[in-house]
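What follows is a short report on a single structure.
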Amino acid sequence: MRRSSPAVPALCAALATALLPVPSDGARGPTLSAALAAIADYAPAAMRYQGTPGLAVAITDRTHTLRVIALGYANVDAKIPVTARTRFAIGSITKSMTALALLEQHDAGQIDLNEPAQRYLPWFSIDSGGTPVLVHQLLSHTAGLPDDYAVEMGYGYDIVALRAAKTLFTPGTAWSYSNDGYAVAGAIVARQDAQTWPDALRERVLAPIGMTHSVPVFTPELMANAALGYQFRDNDRPPPLHPALVPSPPMDFVDPAGSVLSTPADMAVYMRFFLNGGKTSGGTQLIAPATFAAMTSPDTLKNGKPAGSSDAVLAEAPEFYRQYGYGLAIFEDGGDRLIGHTGGISGYTACMQMNLTRGVGIVAFANLVEAPLHPCAIVLYAMRVLRAQSLGQPIPAPPAYPDPARVERANDYAGTYGSADGAMLQVAAARDRLFLIDGGKRIALCPRGADRFWADDPKYATFLLAFGRDSAGSVVEMSYGSRWLPNERYRGPRSFTYPAEWRALAGRYENVFFGQPQITRVVIVKDRLTLDGVDTLKPLGNDEFAIGTSVVRFEDYDGNEPQRLSIDETNLYRVESP
């Protein structure tokens, strides 16, 4: 283990002394029954907020399932309800299972976590600048591998494709979430057991833990017995308040990073494995206590800092992934030790968290596409409720969901906006509401980020309305796609120049990933090249642009126009549609 030898025994002792029981109904303060009722009462609001057809929640302590909440439909058209036995795709929660299988091999002496991955998978190769990728770095996302370099249905090909890639940083020096890293880890598990990854996962994880209704792969047959996943029908535009949904297509999918199907009942069993320090329900210690402690503690970078992200990865759950162990996010909450993960794939999202100190775990599933929309709201609230009940404190009030139409400082945007061709639009404010006035029609505007708004009208369905400010902070302009309209406060230039070759870059680019279309439009606004009229591409030279920390490239010209746009390693292709 990549830690000093005194730390692991000390951690094991700390965990052993810190484990606290969940008070029973006879304890002081709120009863457990009252706590569970509060969570169940909140669940429909969480479901409505996400807009998912179905929602399932499982709550467990160290010994048994406390409550399963099943709401809505596994299949809307057939009116099949969600139940405790409904299968959902758990997405990247699968990573914890792949990590667990590999750690079992470590305990058996088959794998040294501090050895190069190539020792156990000789055909794995990536340009890492001469620094080897170590096994434990795959498990903690510290290897520098891209997230999805190839994004194909076969994870073996994804590993082979890495031969043409470079690590994002010197292995062991930083953190970056990587599905490809877990593809490599899964391939190592398969090779060491001389069988496929699905078979290895069944034998090492699903069977011994007792997850009898879980399977490691997607197939159309298996998906037919699962909740039907749903995705947005109109993927080429910002989603409205109540987007139309369509079923995700059935597919074959095998991936150590995210292809397990499970049920609320089975995932409760899985959480109990962790709540009991790595023991199965039959009392078998599946991984050694020191190995369990390492799995559920942050891995350490070469500079001694914990592995994890310094920025919020998930807006709805900002503490997720700030620290990362082996296949699990690591949390501290008022002295309590927590672990968890989220998942999203092809019409499904999931969120799981366990309080190792207090011995409770919660997992929630939704059959709606990740966007990001993980059903973390109810998990985080349930954790707060159960912790408060354990401490004898009042049950906290559920979170109040924001009003999707409320606009901070709505008057900032009010005014008349006009374009060079004489078109005029008015923006009107009414307290904390904002409206676009177009030809006498009053169109509600809903915030979608800083100075960006979705307009509730089909005429403005393709792009967000984006407002710009001057150096003093006053709103002075508005754009919709390539249309630019300054207002009466605008004092800058009204004509703009840009490289003539940018005209050939503009257009629609798309691809399909796991049955879900991904679409973007390259649009020129004033003297800026943008994605979808809002995100500016900063020129780097040689048909490369920066957008945040990502690199956008235009490639494969047909003579004049590029036929491929890549965002980092994700490829989109030109389509001659509006």
**Study point:** Options D421, D412: the member that is assigned to a helix (DSSP H, G or I) and of a type in the set (D, E)
**Key:** D412
Practice item. Give the residue that is surrounded by the fewest Cβ atoms within 10 Å (Cβ to Cβ), with candidates limited to residues of segment 366-392 that are under 14 Å from the mean Cα position of the chain (by Cα) and part of a loop (DSSP other than H, G, I, E, B). Key: P372
Study note, to complete from the structure: Within segment 159-199, residues being acidic (D, E) and in contact with a helix residue (DSSP H, G or I) (Cβ under 7 Å, 6 or more places away or on another chain) number 2
Review point. Among the numbered criteria (1) farther than 17 Å from G468 by Cβ; (2) free of Cβ contacts under 8 Å to residues at least 60 places away in the same chain; (3) of a type in the set (S, T, N, Q), which single criterion is violated by T536?
Key: (1)
Check your understanding: Can you find a residue in segment 469-481 that is under 29 Å from the mean Cα position of the chain (by Cα), among the aromatic types (F, W, Y), surrounded by 15 or more Cβ atoms within 10 Å (Cβ to Cβ) and not assigned by TED's automatic domain parsing to the domain that holds I519?
Key -> yes
Check your understanding: Is it true that R233 is without any contact (Cβ under 8 Å) to a residue 40 or more places away in the chain, surrounded by fewer than 15 Cβ atoms within 10 Å (Cβ to Cβ) and basic (K, R)?
Key -> yes
**Study point:** Lone qualifier among T263, T296, T300 - being modelled with pLDDT of 95 or more, under 21 Å from the mean Cα position of the chain (by Cα), closer than 25 Å to G109 by Cα and among the hydroxyl-bearing types (S, T, Y)
**Key:** T296
Review point. Can you tell me which of A27, A74, A46 is buried (at least 22 other Cβ atoms within 10 Å of the Cβ), more than 30 Å from A293 (Cα to Cα), assigned by TED's automatic domain parsing to the domain that holds G277 and modelled with pLDDT under 95?
Key: A46
Practice item. Scan segment 270-291 residue by residue and report those that are touching a residue at least 60 places away in the same chain (Cβ under 8 Å) and either outside any loop (DSSP other than H, G, I, E, B) or at positive phi (or both). Key: Y270, M271, R272, F273, F274, L275, G277, P289, A290, T291
Revision key, fill the gap. Considering residues that are closer than 20 Å to G344 by Cβ and surrounded by 18 or more Cβ atoms within 10 Å (Cβ to Cβ), the number found within segment 506-519 is 2
Revision key, fill the gap. G418 vs (1) more than 28 Å from the chain's Cα centre (by Cα); (2) modelled with pLDDT of 95 or more: all pass except (2)
**Study point:** Test for F463: is it touching a Gly at 6+ places or on another chain (Cβ under 9 Å), in a loop (DSSP other than H, G, I, E, B) and either aromatic (F, W, Y) or in the same structural domain as L565 (by TED's automatic domain parsing) (or both)
**Key:** yes
**Study point:** Leading residue by the ranking (surrounded by the most Cβ atoms within 10 Å (Cβ to Cβ)) among those in segment 554-571 that are modelled with pLDDT of 95 or more and under 28 Å from the mean Cα position of the chain (by Cα)
**Key:** L565
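Conditions (1) under 22 Å from the mean Cα position of the chain (by Cα); (2) touching a residue at least 12 places away in the same chain (Cβ under 8 Å), marked per residue:
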position	(1), (2)
E115	no, yes
Y120	no, yes
I126	no, yes
G130	no, no
V135	no, yes
T142	yes, yes
Y157	no, no
V160	no, yes
T167	yes, yes
Review point. Under 7 Å by Cβ, and 6 or more places apart or on different chains, what pairs join a residue from segment 513-524 that is at negative phi with one that is part of a strand (DSSP E or B) and of a type in the set (S, T, N, Q)?
Key: Q516/Q231; Q518/N511; V523/T530
Exercise for review: Output yes when any residue across segment 357-365 is in a strand (DSSP E or B), closer than 25 Å to G327 by Cβ, among the small types (G, A, S) and modelled with pLDDT under 95, and no when none is.
Suggested key: no
Point to revise | Options A164, A183, A207; residue that is outside the structural domain of R87 (by TED's automatic domain parsing), surrounded by fewer than 18 Cβ atoms within 10 Å (Cβ to Cβ), out of contact with any Leu (no Cβ under 8 Å at 6 or more places or on another chain) and of a type outside the set (F, W, Y) | key: A164
Check your understanding: If you scan segment 77-98, which residues turn out to be surrounded by fewer than 23 Cβ atoms within 10 Å (Cβ to Cβ) and among the aliphatic types (A, V, I, L, M)?
Key -> A78, I80, A84
Practice item. Determine whether T212 is of a type outside the set (A, V, I, L, M, F, W, C), crowded, with 20+ Cβ neighbours inside 10 Å, on the phi < 0 side of the Ramachandran plot and outside the structural domain of H141 (by TED's automatic domain parsing). Key: no
Check your understanding: Of these, P404, P399, which one is assigned to a loop (DSSP other than H, G, I, E, B) and farther than 30 Å from R469 by Cα?
Key -> P399
Exercise for review: Name the residue, out of T342, T357, T349, that is out of contact with any Pro (no Cβ under 9 Å at 6 or more places or on another chain) and in contact (Cβ under 8 Å) with a residue 12 or more places away in the chain.
Suggested key: T357
Check your understanding: Restricted to segment 218-245, and to residues that are of a type in the set (F, W, Y) and out of contact with any Gly (no Cβ under 9 Å at 6 or more places or on another chain), which residue is modelled with the highest pLDDT?
Key -> F232
Check your understanding: without any contact (Cβ under 8 Å) to a residue 60 or more places away in the chain and touching a Gly at 6+ places or on another chain (Cβ under 9 Å): does that describe S471?
Key -> no
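The values are calculated or read from the model by the stated rules, or taken from the named source; none is laboratory data. It should be emphasised that the depicted structure is a prediction, and the values quoted were computed from it without experimental measurement. Virtual Cβ from ideal backbone geometry, glycine too; neighbours counted across all protein chains shown.
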